[in-house]
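Participant: Please read through the structure below; I'll follow up with questions.
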Amino acid sequence: MQPMRSVRSKTVVLPLTNVDTDQIIPARFLTTTTKDGLGQQLFSDWRYQADGTPNPDFVLNRPEAVGCEVLVAGRNFGCGSSREHAPWALLGYGIRAVISTEIADIFRGNALKNGLLPVTVDESTAAWLLAHPGAAVTIDLETTRLTLPTGVSIEFPIEAFARHCLLHGIDELGYLRGKLPEIERYESMHTGP
Amino acid sequence: MTPSTLFEKIWKTHEVVPETAETPAVLYIDLHLVHEVTSPQAFSALGSLGLGVRRPDRTLATMDHSTPTMSDQVFGRVPIKVDAAARQVRQLEQNAAQFGVELFDLQDARRGIVHVISPELGASRPGMTIVCGDSHTSTHGAFGALAFGIGSTEVGHVLATQCLLQRKPKTFAINVEGRLPPGVTAKDLILAIIGKVGVSGGTGHVFEYRGSTIRALSMDERMTVCNMSIEAGARAGMIAPDAVTYEYLQGRPRAPAGRDWDVAHARWAELKSDAGAVFDRSVDIDAGAIEPMITYGTNPGMVVPITASIPHSAGDAVADKALRYMGFRGGEAMLGKPINTVFIGSCTNGRLEDLHAAAAVLKGRKVATGVHLLIVPGSQQIKRDAEAAGLAEIFKTAGADWRESGCSMCLGMNGDTVASGQYSLSTSNRNFEGRQGAGARTLLASPLTAAASAVRGRITDPREML
C-alpha cells in the first residue's frame, strides 16, 4: 500500500441519510472475483436510468462532480452488508474520503484497509458541508484535521493504528504475521470451546 | 472480581494480545465461515504472498449467495443461468482444493446458507469467536458466541493467521420482558427492537438480548433475533446459553460428545453476564405490547405495527424519497395493500420452525391468483426435514414454488429477483432500494404474515387466519 498524508479536493454532496452498501454497489455486481472495475457500477441504480444512460439528476453525473475526491453524505453512511466491494467501488470511481456525522462499523473498517478515509464530523460541520457542495476541503491524516475553505479546522477521530498504517504504507497483515509467536503461544494454552 | 458481561468474558479469553492506545487487540478466531462472494479476493491475496490457510481445521466453506435454487441448475442437468455466478462457484471449488479448506459444494447434502448450516452441524457453539465475510454472521450469537461480519481483507487476515485486529466494542443490553402475544413472532420482536433503537443506534456496540422473553425463545427464534442485530447497526448480538441451547446442540455432528460434552457443558455454564455487570447502554422492551410488524420504507427501521398507517414524511426529504420509491403515501393503511411476490426463506427466516409457521397458515388454503409465493429452505437438511414432515406437500398444494436452499431472493444476485416496481413481501432482512432486484419494492415481515398475505394477495394480519 502507498503511504498517504492528505486529501485535498472539492466535495460532491449526496444529501441522503442511511446510504447502504446495496446502493453503493448492488449485489448483482458482486459476482466478480477481483477488485477491479467496480467504479463503473458505483451507485448504479441511482446513477443510470433503466436503459443504461446516465441519470442527469444524480449528483455524480453533473459536470461539477468531475474530479471530486471527497464525498459528503448524510448520517449513517455505509450501513448494511459487509461487502468490501463498497470501498473498492468508491475508490475505483475516484473517491478517496467520505465525510458524514456517522459511518457504519464494517464499512469504516473496510474503507481504512483500502486507503479510503472515513471522516466523521459534528452536526454543524456536516450541515455546512451539505449546504456547500463543491467546497474545497483538506483532510490531513497527519494532524487528523479537516479544514474548510472558511478557514475553520476541526479534528476528526481515526483509529490510531489504521492511521499509522496509512501514513507509512504498512500492510496490517504483515503486522499480524509478526505476532505469530504470540498466536502460537495462545493456541498451545487454549484448546478452544 | 468486577462483574463482567457475557461479551467481556468471551473477548477476554480470545485476546492473543490486548489492545493499547496505539494498537488494536489481536483477537483469536475459533471458527471462520467462508462463502463464494467475499472470499475470492482474499484467497488471491494469500496466493500472491505465497501464504497458506493457517488453520484449515477452523475453516469451513460453502456456497449460498450466488447459487441457483432451481434443482436442474443445482444438480448440473442444465448450466447455471448466471455466468458470473457459475465462475464464482468454480473459483471457490478451486480455492478450497488448492488451500485445503473443507467445502460443502453445490451438490453436497450438507450445503445451505452459511448461517444456517453451521448451527445445524453443531459447529457454532457457546463461547466461540465466529467470523464470516457476511454481516449476518451475528446470527451465531444466538449460541452465546461472539460472531460478527468482516470484509474480504479481514477474511484474508483470518485465513493467514486465524486472528483479527480489533478494537473492543461497547456493550448494549436489550432487555425484553413479558410474553409475545399469539401471532407475534421473533421476527416481529426484532423488527420492533430495530424500530425503537434505530438503524444506527447500535453502531460501535455489541447487543446482548436478555430477559424472560428471550429465555422463552427456541434456538430458531433466537437466531432470527440475533441475525438482524446488524440492521440496528450492531456488528454482533448475543444471547447467554442455557438449557435450550444445550438441548439444541447435543447430538449434532460437530458438537462435543461423551466426556468432551461434560467438560464443554461445565465451561458454557459460566457464559452469562454477572449480576451487577454494567452495560454502556440499555433499552427496555415490553414484549406483550408488540404486534405483527411490517416495514413500509427502504430501511428496516422504517417499520410499523401491521394495523398502523404509514407515518407522514413531515417534510423530511429522505423519508419522502423512500415513500416515493415504495409508491406509498403518508397516512395510508398497510393492511390490504396488494402484493405481487412473497418470499419465505433467508438466514433470517429460512429454518424449519419458520416453514412450520408458514405451513400452519397455508394448509388447506391456496395462494391468491397472480401472486408468486417462493419458499426456499435455509439448507438442504431443512429441505429434507420439511419434505419428511409433509410441509413441502402443503406448500406445493397451496401453489407455492418450492426450491433448493440458498440466499435466493434475499439479495437478487442468483437469478431469483423481483421485477422493477413490483411489491415483494419478504421474510428476509433488508428492504433497501433494489435489494431484491433493481426497482423492487420490499416489505419485511414474519413467515406468518408472509403466508397469510400470499393467500389473500394483500397485506394481511396473520392473526385473522390462525
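No value in this document is a laboratory result; all are computed from the given coordinates. What you see is a predicted model; the values in this text were computed from it and never measured. FYI the Cβ positions are ideal-geometry reconstructions off the backbone, even for glycines, and counts take in every protein chain you see.
Participant: How large is the translational diffusion coefficient of the stretch B:51-209 in µm² per second when you combine the Kirkwood radius over alpha carbon pairs with Stokes-Einstein at 37 °C and 0.692 mPa s? Before the final figure, lay out the partial values.
Facilitator: On the way: Rh = 18.1 Å.
Once the numbers are plugged in, D ends up at 182 µm²/s.
Participant: Follow-up question, since we're still on this one. Counting only C-alpha contacts under 8 Å and six or more residues apart, can you give the relative contact order of the stretch B:6-166 as a whole percent? Each step should come with its number before you reach the end.
Facilitator: Working: 293 pairs, mean separation 52.2, N = 161.
Relative contact order here is 32 percent.
Participant: Hey, another quick one. Can you compute 3J(HN,Hα) from phi for each residue in the stretch B:306-322, using the Karplus curve 6.51 cos²θ - 1.76 cosθ + 1.60 with θ = phi - 60°, rounded to whole Hz and x for Gly and Pro?
Facilitator: Calculated HN-Hα couplings, in order: 4, 7, 8, 9, 6, x, 6, 6, 6, x, 6, 4, 6, 5, 4, 4, 4 Hz.
Participant: Once phi is turned into θ = phi - 60°, what whole-Hz ³J(HN,Hα) does the Karplus curve with 6.51, -1.76 and 1.60 give for every residue of the stretch B:388-405, x standing for Gly and Pro?
Facilitator: 5, 7, x, 5, 4, 5, 4, 4, 5, 4, 6, x, 7, 9, 10, 10, 6, 6
Participant: If the viscosity is 1.567 mPa s and the temperature 4 °C, what translational diffusion coefficient in µm²/s does Stokes-Einstein give for the stretch B:292-465 when Rh comes from Kirkwood over Cα pairs?
Facilitator: Numbers: Rh = 15.8 Å.
Here the translational diffusion coefficient equals 82 µm²/s.
Participant: Please compute the modelled spin-label separation between B:Lys168 and B:Gln94, points set 7 Å along Cα→Cβ, answer in nm with one decimal.
Facilitator: 4.4 nm
Participant: Considering amide H positions built from the backbone, and no H for Pro or chain starts, which residues 5 or more places from B:Gly149, or on another chain, come under 5 Å of its amide H?
Facilitator: B:Thr137, B:Ser138
Participant: For the stretch A:93-101, in order, what is each residue's ³J(HN,Hα) by Karplus, 6.51 cos²θ - 1.76 cosθ + 1.60 with θ = phi - 60°, in whole Hz (x at glycine and Pro)?
Facilitator: Result, rounded to whole Hz: 6, x, 7, 10, 8, 10, 10, 7, 6.
Participant: I've got another one for you. As a footprinting exposure proxy, order B:Glu464, B:Glu154 by other Cβ within 10 Å, with the fewest listed first.
Facilitator: On the way: B:Glu464 10, B:Glu154 26.
In increasing order of surrounding Cβ atoms, one gets B:Glu464, B:Glu154.
Participant: In addition: How large, in Å, is the stretch B:326-413 by the Kirkwood hydrodynamic radius built from its alpha-carbon pairs? Each step should come with its number before you reach the end.
Facilitator: Details: mean 1/r = 0.0723 Å⁻¹.
Hydrodynamic radius (Kirkwood, Cα only) of the stretch B:326-413 equals 13.8 Å.
Participant: Sticking with this structure for a sec: Can you list residues whose amide H is under 5 Å from B:Thr442's amide H, if they're 5+ apart or on another chain and H is modeled 1.01 Å from N?
Facilitator: B:Ser424
Participant: Here's another thing I want to ask about it. Would you grab the residues whose amide H sits under 5 Å from the one on B:Gly330? Only those 5+ places off in sequence or on another chain, please, with H modelled 1.01 Å from N.
Facilitator: Those qualifying (amide H under 5 Å, at least 5 residues apart or on another chain) are B:Ser313.
Participant: Which residue fluctuates the most in chain A, going by a Gaussian network model with Cα springs under 10 Å, if the choices are A:Pro157, A:Pro63, A:Pro133?
Facilitator: A:Pro63
Participant: Over the C-alpha atoms of the stretch A:6-189, what are the Rg and the largest Cα-to-Cα span, Dmax, in Å?
Facilitator: Considering the stretch A:6-189 through its Cα atoms, Rg and Dmax are 17.6, 61 Å.
Participant: Mean residue ellipticity at 222 nm from the helices of chain B, using -39,500 (n - 2.57) per DSSP H segment of n ≥ 4 over the full residue count, to the nearest 500 deg cm²/dmol?
Facilitator: Details: 17 runs with 151 residues, N = 466.
It comes out at -9000 deg cm²/dmol, rounded to the nearest 500.
Participant: Got the relative contact order for the stretch B:90-214 handy, in percent, Cα pairs under 8 Å and 6 or more residues apart? The partial results should precede the final answer.
Facilitator: Working: 122 pairs, mean separation 21.0, N = 125.
In percent, rounded to a whole number, it is 17.
Participant: Only counting other Cβ atoms within 10 Å, I'd like B:Glu247, B:Glu387 sorted with the fewest neighbours first.
Facilitator: The order, fewest Cβ neighbours first, is B:Glu247, B:Glu387.
Participant: While we're here: How do B:Arg110, A:Arg83, A:Arg28 line up, fewest other C-beta atoms within 10 Å first? If you can, show how the numbers build up before the last one.
Facilitator: Numbers: B:Arg110 15, A:Arg83 28, A:Arg28 22.
Ordered by Cβ neighbours within 10 Å, fewest first: B:Arg110, A:Arg28, A:Arg83.
Participant: Here is a further query. Could you tell me the ratio Rg/Rh of the stretch B:227-277? Both radii from Cα atoms, Rh via Kirkwood. Before the final figure, lay out the partial values.
Facilitator: Values: Rg = 13.9 Å, Rh = 13.0 Å.
Radius of gyration over Kirkwood radius for the stretch B:227-277 works out to 1.07.
Participant: Return the subset of B:Lys337/B:Lys396; B:Lys196/B:Lys337; A:Lys179/B:Lys168; A:Lys113/A:Lys179; B:Lys81/B:Lys337; B:Lys187/B:Lys337 for which the Cα-Cα distance in this structure is over 22 Å, preserving the input order.
Facilitator: Values: B:Lys337/B:Lys396 25 Å; B:Lys196/B:Lys337 24 Å; A:Lys179/B:Lys168 19 Å; A:Lys113/A:Lys179 19 Å; B:Lys81/B:Lys337 33 Å; B:Lys187/B:Lys337 20 Å.
Distance filter (> 22 Å) returns B:Lys337/B:Lys396; B:Lys196/B:Lys337; B:Lys81/B:Lys337.
Participant: Okay, moving on. For A:Ala131 paired with A:Leu167, estimate the spin-label separation in nm (one decimal), with each label point 7 Å from Cα along the Cα-to-Cβ line.
Facilitator: Inter-label distance under the simple model: 3.4 nm.
Participant: Let me ask you something else. When N is the residue count of chain B, what does its C-alpha Rg come to as a fraction of 2.2 N^0.38 Å? Mind showing how you got there, number by number?
Facilitator: Values: Rg = 21.4 Å, N = 466, 2.2 N^0.38 = 22.7 Å.
For chain B, the normalised Cα radius of gyration is 0.94.
Participant: Sticking with this structure for a sec: How big is the Cα convex hull of the stretch B:1-102 in projection, averaged over all directions, in nm²?
Facilitator: On the way: hull surface 39.8 nm².
Spelled out: convex hull of the Cα atoms, projected over all directions, averaged, 9.9 nm².
Participant: Over every pair of different alpha-carbon atoms in the protein assembly as shown, take the mean of 1/r and invert it; report that Kirkwood radius in Å.
Facilitator: 25.0 Å
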